[in-house]
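Take a look at the structure set out below.
Each value in this text was obtained by applying a stated rule to the coordinates, not by laboratory testing. Here the structure is a predicted model, which means the values were calculated and not measured. Ideal geometry is used to build each Cβ from the backbone, glycine not excepted, and the neighbour counts take in all protein chains shown.
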Amino acid sequence: MSNIRQNGKCYTKKRKSYFWDSVGEYIIDVQHIGSTSILGMIAKPIILRVDICHTGGITEGKKIATMGEVHYQELACHYTGSPVSTAAMLHLNISVPNCAVQEHAPLTGWINDVIQHDLRTEDGYLLRSDSPGLGIDLNEEAAIAYPHIPSEPPHWRREDGSVQDW
């Protein structure tokens, strides 16, 4: 966002904060291209932060990455907290040339008993699986030991009544 100056005050941060509060994690792209974006640069880098669990899966994520690639934009997949989504995002990242980074936080506990996988890191890199498919498997016997407990995630609403993702 470009700086707006009125009476010697810069209003960029206020505009940016209002904008991000309005769109949450659903934003695909915010950009200002030109020599004024970062001094000395022709254009600032743009990162596409994609959550394939919200955007339609691997195929739709690949389409977003392809659209970004033609504009020299890099992909940074958002981690959604499951070995299934991590494996899917890893497959997406391996398949595109504009992958910048993969967000990852290894899980511990019961989920690794239920969803068996061979996701591993080495020197800060998430390594591809040698297993077929996404490299994950559901252990149905372990899943029985951890029955689903129905619950509702928080429902956040803004002051104007509009819905906000949690």
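Compute the FRET efficiency between A142 and I47 as 1/(1 + (r/R0)^6), taking r as their Cβ-Cβ distance and R0 = 30 Å, and round to the nearest 0.05.
0.25
Could you pull out which residues in the stretch 58-96 have an amide N less than 14 Å from a spot 7 Å beyond the Cα of I111, following the Cα-Cβ vector?
78-89
Which peptide among 67-79, 83-95, 102-114, 140-152 comes first, and what is the full order, when sorted by highest mean count of other Cβ atoms within 10 Å?
Taking the mean over residues of other Cβ atoms within 10 Å, the ranking is 83-95, 67-79, 102-114, 140-152.
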